[in-house]
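What follows is a short report on a single structure.
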Amino acid sequence: MKLLKDKIQQEGKVLSDVVLKVDSFLNHQIDPMLMQEVGEELANRYSDEIITKVLTIESSGIAPATFLGLVLGAPVVFARKRKSLTLTDNLYSAKVHSFTKNEVNEISVSQNFLSADDRIIIIDDFLANGEALKGLLDIAQQAGAHIVGAGIVIEKGFQKGGEQLRQQGLRIESLANIKSLANGKVEFFD
Ligand code: 5GP
């Protein structure tokens, strides 16, 4: 997706050989015009599928997931990372190792919002080692839902998550796939 790649080149900050900061349009401040295009592009790529629900993880997955949900006319559910006073029982839960924070979070979704009748797409801002996606897949499987595939805004294809999960049969559509962050430069796969 050219608009997204241009934005990454213009505003992305390479923090190390493995970490890209995009907090001016995705991870802190959000560019709604770009997110609208992200939602439309993901809906286009999955136009061959029936999708009843969009599943993501707080907080940075929520913007792209919501714009996709708007195009699809489907509800968006986000897994919570923190225990909440109002989210106590009847939960689907999974443990996720956070790439950026280097800690393990238990993520949870209320059983009220996912069921075996759902056809789910999983959305996240980044795909690195695939831990967040695996946690969300686990939760969707606990619900007995059909998983249509995943949609990722920025995949770091030099890390192992995408390849591993595709080998396991998961369809993953990523809108920008980074080949390298070496020498402070962002290089994309074609
Ligand atoms: P994974 O679970 O695939 O290892 O990493 C994906 C998760 O870690 C995403 O939810 C994302 O929030 C975070 N993440 C991974 N790599 C990066 C990165 O380079 N930059 C930012 N901002 N977040 C990242």
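Can you find, within the range 82-107, the residue that is modelled with the lowest pLDDT among those that are part of a strand (DSSP E or B) and within 16 Å of the ligand (Cβ to nearest atom)? Can you show your working first?
Applying the first criterion (part of a strand (DSSP E or B)) to the range 82-107 yields 84, 87, 91-97, 104-107.
Checking the rest, the ones that are also within 16 Å of the ligand (Cβ to nearest atom) come to 94-97, 104-107.
On the way: Ala94: 96, Lys95: 95, Val96: 95, His97: 92, Val104: 93, Asn105: 89, Glu106: 94, Ile107: 96.
The residue in question is Asn105.
Considering only the range 129-149, state which residues are farther than 13 Å from Ile172 by Cα and in contact with a helix residue (DSSP H, G or I) (Cβ under 6 Å, 6 or more places away or on another chain).
First, pick out the residues of the range 129-149 that are farther than 13 Å from Ile172 by Cα: 129, 131-132, 135-136, 138-146.
Across the range 129-149, the qualifying residue is only Asn129.
Just so you know, in the range 1-51 the residues that are among the small types (Gly, Ala, Ser) and either within 10 Å of the ligand (Cβ to nearest atom) or open to solvent by 30 Å² or more (accessible area, probe 1.4 Å) (or both) include one that is nearest to Phe67 (Cα to Cα), and it is Ser47.
When only residues in the range 108-132 that are within 8 Å of the ligand (Cβ to nearest atom) and not in a helix (DSSP H, G or I) count, which is nearest to the chain's Cα centre (by Cα)?
From the range 108-132, those within 8 Å of the ligand (Cβ to nearest atom) are 124-132; that's our starting set.
If we keep only those that are not in a helix (DSSP H, G or I) too, we end up with 124-130.
On the way: Asp124: 1, Asp125: 4, Phe126: 6, Leu127: 7, Ala128: 10, Asn129: 12, Gly130: 10 Å.
By that ranking, first place goes to Asp124.
When the criteria are applied in full, Gly135 fails the requirement of being within 16 Å of the ligand (Cβ to nearest atom), on the phi > 0 side of the Ramachandran plot and surrounded by 14 or more Cβ atoms within 10 Å (Cβ to Cβ). When restricted to residues that are farther than 15 Å from Lys7 by Cβ and outside any helix (DSSP H, G or I), the range 20-50 contains 5.
The values are calculated or read from the model by the stated rules, or taken from the named source; none is laboratory data. Remember, it's a predicted structure, so these values are computed and weren't measured experimentally. Virtual Cβ from ideal backbone geometry, glycine too; neighbours counted across all protein chains shown. Only protein heavy atoms, including side chains, enter the accessible area calculation; ligands, DNA and RNA are left aside. Shrake-Rupley method; radii C 1.70, N 1.55, O 1.52, S 1.80 Å.
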